[in-house]
1. Can you run phi through the Karplus equation (6.51, -1.76, 1.60; θ = phi - 60°) for region 242-247 and list ³J(HN,Hα) in whole Hz, with x for Gly and Pro?
2. For region 2-58, what Kirkwood radius comes out of the mean inverse Cα-Cα distance, in Å?
3. Can you run the Rg to Rh ratio on region 86-204? Use alpha carbon positions and the Kirkwood inverse-distance Rh.
4. Charges on Cβ only, +1 for Lys and Arg, -1 for Asp and Glu, centred on the Cα centroid of the chain; of GLY78, VAL394, THR381, which one is farthest towards the dipole's positive end?
5. Toward the positive end of the charge dipole of the chain, about the Cα centre and with charges on Cβ (Lys, Arg +1; Asp, Glu -1), which of SER67, ALA95, VAL248 goes farthest?
6. Can you pull the Kirkwood radius for region 308-426, inverse mean 1/r over Cα pairs, to one decimal in Å?
7. For a quick check: with amide H placed at 1.01 Å from N, whose amide H comes under 5 Å from LYS409's, ignoring anything fewer than 5 positions away on the same chain?
8. Under a straight-distance cross-link criterion of Cα-Cα below 23 Å, which lysines are reachable from LYS443, leaving out those fewer than 8 residues away in the same chain?
Amino acid sequence: MGRFVGRTRELAALRQHYATGRFEMVVVYGRRRLGKTMLLTEFSKGKRCLFFTATEKSDTINLAEFSRAVAEFFALPGITFSSWMDALRFVADHARDGSEPLLFIFDEFPYAAKANPSLPSMLQQLIDRRLADADMTLILCGSNQGFMESEVLGESSPLYGRRTAQIELHPFDCFDAHLMLPSADAEQAVTFYATFGGTPYYLAQIRPDESYAENVARLFFDPSGLLYAEPQMLMRQELMEPALYMSVLDAIASGATKPQAISERSGVARQSVGRYLKTLESLMLIERRVPFGESLAHSRKGIYRIKDPFFAFWYRFVSPYIAAIETGSGRAAAGQLVGSQAFDTYVGDRFEDVAMQWVQRMGARGELGFAPAVYGKWWGTDPIVHEQADIDIVAADAEKRHLLLGECKWRGSFDETQALRTIERRSTIIAGDAQKRYALFTKRSVSAATAKKAESRMDLLLVDAEQMFAGECHSA
């Protein structure tokens, strides 16, 4: 098991509920590979903890394994239970009699509950009748998001209303992902994040003694590579119709951004494609974006993109070479990737995500001069030059009286003066009379001349990748 990093907010939430001195039921869920078990293992350290992980086996086997876990925890060798109710009642009674808090972690709860659908009802009865006054924290954890949301959190679940908190685990942002790659410099961190995303399991496969190209060739472009077939495996584990979902992802990765185009390119019927898109959104694999200032529910300008960088990279650069990889030519294909215009453009697009994550972190720390409540990107027609334009980063307070507008450049060199002029001109399209600040996010430091110009301005941030990861920026 690798070094535990990140998850500070989740750990703080778990500790807060554990310390109340009363019964707590916390639901932890999120798709596979995000480190739920590792989070709970870290949280359980130093605590009186019964930790049980169900498996995708029969109810009889899961009950027998739970009996062994209970017997070992309470130092009662040979104890067995003939039913889940007897076993859970035994734990509940000991939780009430204990002199110190009890932490009971039921990991992969969906496996056990699918094998025995009455488990949620049993827990509900115990919570209502025996655990209301117990100093016990029950954590139900699962990777099957649909099950956890419907059968544990949903209104139709027997457990509805019993949970005191829920934590949906998300992938790391680029900065927490960097904690798993401490030897990577800022540019490497962005490139690795654009490729592996923020899933801890994927990041843990990176070998620091290998170059980026060597890691990618070994993990993605080899039939035996650990991440070569990962997207298909996750689809098969999570979804009933994996082939259709993979077709939708392929369509989005190849440039289809509207439901009609996604339907035509994927072969999924137009009247059904919305359901597939909604499911992929719930898994945090894709997202629907609308221009800043427009309603997510009502805007007709919404577009879909692959949200998770790992999946975006895989469908953009690995999927087209499946045949070559299967016939042993994968490493040659990987060798053409690094330094190609397509790859640099792709990383530049993901750099916008990194810049937004930095803005959100600075906003949460109160370091932007105002309190952002809304974040996004704007695109549309520039009325001055009558052409399509965009603003990469927009952050505003709730009343939209203060805005930060940013431009992102992942190129080694560009016209810095023109970039600043462009963002200032375009800001008038959406900003109105708001107080505006500008930001230029760059791969490397801007020129000395641009830095000097910024010294006399109170409304300009110059932030390069290295400064982002140092938690600093140049603000005049």
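The values are calculated or read from the model by the stated rules, or taken from the named source; none is laboratory data. The structure presented is a predicted model; accordingly, all values stated were derived computationally and were not measured. Cβ: placed from backbone, ideal geometry, glycine included. Neighbour counts: every protein chain shown. For accessibility, only protein heavy atoms count, side chains too; no ligands or nucleic acids. Shrake-Rupley method; radii C 1.70, N 1.55, O 1.52, S 1.80 Å.
1. Listing the rounded values in order: x, 4, 5, 5, 5, 5 Hz.
2. On the way: mean 1/r = 0.0771 Å⁻¹.
After inverting the pairwise mean of 1/r, the radius is 13.0 Å.
3. Result for region 86-204 is an Rg/Rh of 1.14.
4. After comparing all options, I get THR381.
5. Of SER67, ALA95, VAL248, it is VAL248.
6. On the way: mean 1/r = 0.0589 Å⁻¹.
Kirkwood radius, region 308-426: 17.0 Å.
7. PHE441, THR442, LYS443
8. Straight-line reach from LYS443, under 23 Å: LYS307, LYS377, LYS409, LYS452, LYS453.
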